[in-house]
Each structure stands twice: as C-alpha cells, then as structure tokens.
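The values are calculated or read from the model by the stated rules, or taken from the named source; none is laboratory data. These numbers come from a predicted model, not from an experiment. Virtual Cβ from ideal backbone geometry, glycine too; neighbours counted across all protein chains shown. When the accessible area is computed, the model is the full protein with side chains, heavy atoms only, and any ligands, DNA or RNA have been set aside. Shrake-Rupley method; radii C 1.70, N 1.55, O 1.52, S 1.80 Å.
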Amino acid sequence: LMSSTPSDTTSQRLCELTNQQLADLFSLTKDHLLTASRQLNNLSKLLQEVIIEQDRKNNNSEGLNRDEWRERRWGDRVEEAFLQQKKLLDRVSFWYLTIPDKNIAMEYFYQLCNKEITFADIKKENPDAQYFPDRKLKTVDESLRKILQKIKLYVPFKPINNGKGGFILLQVTHRSSAELDQKRRLSLLQELESQWCNREINRLLDDWQEDK
C-alpha cells in the first residue's frame, strides 16, 4: 500500500483539476454551488470572490497574485486606513480590579499613589485583581478604552464607579504604539478589500431592488 503524504490531501487533489473538470466530475451546476454556499453560510464570501475575479479580469490584473492585486488596488489608501485605526491598534498592559466598597478602593488608590503597595500586593489580598498584558485597545470595552488611552504609565487612576455597585481601580504598566509594518499593511489591505466587496455587493442589491 502507498503511504499517504501531507501533500496527498483531498483539497490539494481537487485543486489540481480545472473548473471544467470539477464541473463534469461532480455534475456541478449554478444551483448546486449557490445552494451549498447558503447551507455553509458563506454565500457572501463566494460572491466576494466572484466580484474580485471580475475586477481582476477587467483591470488586466490576472497575472498578479492576490497580495500584488490588493497593493495595486488599494496601496495608496493603506496609510490613511492605518492612521484612522491607529488608536485602536495601540497596545497596553494594565492592572484591573473591581471593588464593591468605595472606601477600600480609595484606600488602595492612595497606597498605590504613595508607593506603599503595588498591584501585585493587592492581588495577594484580593485574588480578583487581574493583569492584562499587551492588550490591543480595540479588544477593550469602549468606555474603558478611553480611560486607558489617557492614563499615565504607573500612575493609578482614581477609582471609577462602574454603575453596578462597584469601583474600578486601574494602573497601566506598559504602552506600545502600533507601527505600519509589512504584516499590518497586508492585514489592512485585506480589510480594504473586504470593505470594497461589501460595498459592491450592496450596490448591486440596491440597483436590483430599484429596478424591480
């Protein structure tokens, strides 16, 4: 028996066939493909790929790989997109603790300000204290994000009433500014592609509804 290899996968074998060969082998029709896409909940993704291929053909970009095509299509908009998102892409490391008693929260706050204790000390007394290392700001709740953006490093923030019977104590220990490196550039190009595809799909849907 032949031993299977990593390259001998179903997906790779299918990719070796042309579109016509696949259609003939599996008796594929337009209805089959669209129905399957609906069932897999990826109809939008399928249509995005169709729109992209049409655009590449219309703009003589079929010889480019996907990254090259994205660069040609939206490369001049990457820096603007990055600047719009930069505050959300910055990262912070911070301590966080919710305390029911305002007096205890204020006592901890003053002790931190006077460097009598550290947040690590507080955690020994109160295990609910959490340290969040290197968190991207866009993953943080909006109200908390605004505070984290303005807190100075290692300066505890005066306890905040969370409106739920508790007071939040915060301290930022590290902040790093996002940079437009190649990895982030590729990610932003993917985002710009996705946004464009969604606009195109919605434009076609709107035109179709107007013509009904």
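Points to keep in mind about this one:
- Cα-Cα over 20 Å, subset of 123/146; 86/136; 102/164; 57/183: 123/146; 57/183
- For the chain, the solvent-accessible area with a 1.4 angstrom probe is 71 square angstrom per residue.
- Simple label model, 7 Å out from Cα along Cβ direction - residue 142 to residue 180, nm: 2.6
- Once C-alpha pairs closer than 8 Å and six or more residues apart are averaged by separation and normalised to the residue number of the chain, the relative contact order reads 25 percent.
- Low-density loop positions, GluC sites (Glu not before Pro), region 127-212 - DSSP coil, at most 13 other Cβ in 10 Å: 179
- The chain, accessible surface, carbon-and-sulfur percent (1.4 angstrom probe): 50
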